[in-house]
Amino acid sequence: MTGRVTFLNGTSIELINPHIPRGHIRHALFDFDGTVSLIREGWQGVMIPMMVQVLLETPRHEPEEEVYAVVTEFVDRLTGKQTIYQMIQLCDEVRQRGGEPLDPLEYKWMYLDRLWERIKDRVAGLKNGEIEPEDMMVPGVVPMLEALRARDVTCYLASGTDEVYVLDEAAALGLSPYFAGIYGALDDYQNYSKKMVIERILNENHLSGPEFVTFGDGYVEIEDTKAVEGIAVGVASDEVNRQGINEWKRGRLIQAGADLIIPDFRQHERLVAYLFAED
């Protein structure tokens, strides 16, 4: 990104919009994968090859490298939305190349079966105590949630991952008690979106924009939060190394309208003090 970069003094908290109204937050929404949980780290390395394989079986496909570039572009572009939207795009790509696609849900379950092979040992390890929950979370998440709870902020979780998995994985991480509501994708995908969750939280609690904050590593929740004039904290987490900034995420989050960018929640004390105008 170009232009002057401004940080909160002595921190890695980047102030993109230093003019947000602070000190009013009552409710907070967290994205799950990449913002809170690292259980599904590496999912792109499962989805993209599967889709490339599907497209290489069509009658009029390009060379493999070009197919890979096409798939990577739309998977990245649709990240943060429900998984089904990536599968709907895959169906469109199959048709464009003279193929007859399966139902999008069939592709989704094919992907989930493959992803489960990657993550099943992580989930099992969390449940049997062989893996510490902190090792499968973005650093500082639990202290951040505790700091918000200490200030009587009601927290929610919303994900593009299927709700049954979000509930199971949040429980495996020991996070369920921190959230008043946990929401995930449904097979009836038109009855769920992060936008719907945000609007419901605002309407049911009679909130104005500055009383609501979202923490997320995807553009969807950031855009949807700014659309209702909420505060958007972009979490540009490096899911592999568990420290530092993922520059690709950072760029997308800024483009989506993030007010602040953080690499993780290690500096939660300073972040919370800033958001609540206690600094």
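Values computed for the structure shown
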{"item": "Convex hull of region 16-76 built on C-alpha atoms - directionally averaged projected area, nm²", "result": "7.1 nm²"}
{"item": "Cβ-Cβ FRET estimate between A180 and E130, R0 fixed at 25 Å, reported to 0.05", "result": "0.25"}
{"item": "Other-chain or far-sequence residues with amide H under 5 Å of T161's (modelled H)", "result": "A185"}
{"item": "Charged-residue dipole, Cβ positions (Lys, Arg, Asp, Glu), region 1-136 about Cα centre, Debye nearest 20", "result": "660 debye"}
{"item": "Relative contact order of region 1-132, pairs being alpha-carbon contacts under 8 Å that are 6 or more residues apart, as %", "result": "19 percent"}
{"item": "Additional length obtainable on full extension of the chain from E204 to E278, 0.36 nm per residue less Cα span", "result": "23.9 nm"}
{"item": "Global size of the chain as Cα Rg and Dmax, reported in angstrom", "result": "19.1, 62"}
{"item": "Stokes-Einstein diffusion coefficient of region 47-121, Kirkwood radius over Cα pairs, 37 °C, 0.692 mPa s, in µm²/s", "result": "263 µm²/s"}
{"item": "Rg(Cα) / (2.2 N^0.38 Å) computed for region 79-146, rounded to two decimals", "result": "1.60"}
{"item": "Integer Hz, Karplus 6.51/-1.76/1.60 couplings in order for region 227-241, x for Gly and Pro", "result": "5, 9, 6, x, 9, 10, 9, x, 9, 8, 6, 8, 6, 7, 8"}
{"item": "Heavy-atom surface of region 119-261, accessible at 1.4 Å and reported per residue (Å²)", "result": "43 Å²"}
{"item": "Packing-based order for 172-178, 239-245, using average beta carbon neighbours within 10 Å, highest first", "result": "172-178, 239-245"}
{"item": "Of all accessible heavy-atom area on region 48-148, the percent that carbon and sulfur account for (1.4 Å)", "result": "50 percent"}
{"item": "Mean Cβ neighbour count within 10 Å, used as a protection proxy, ranking 253-263, 73-83, 56-66 highest first", "result": "253-263, 73-83, 56-66"}
{"item": "Nearest-20 debye value, the chain charge dipole, Cβ charges on Lys, Arg, Asp, Glu", "result": "660 debye"}
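The values are calculated or read from the model by the stated rules, or taken from the named source; none is laboratory data. All figures in this text were calculated on a predicted structure; none of them were measured in a lab. For neighbour counting, all protein chains shown are included, and Cβ atoms are generated from backbone atoms with ideal geometry for every residue, glycine included. Surface areas here come from the heavy atoms of the whole protein model, side chains and all, with no ligands, DNA or RNA. Shrake-Rupley method; radii C 1.70, N 1.55, O 1.52, S 1.80 Å.
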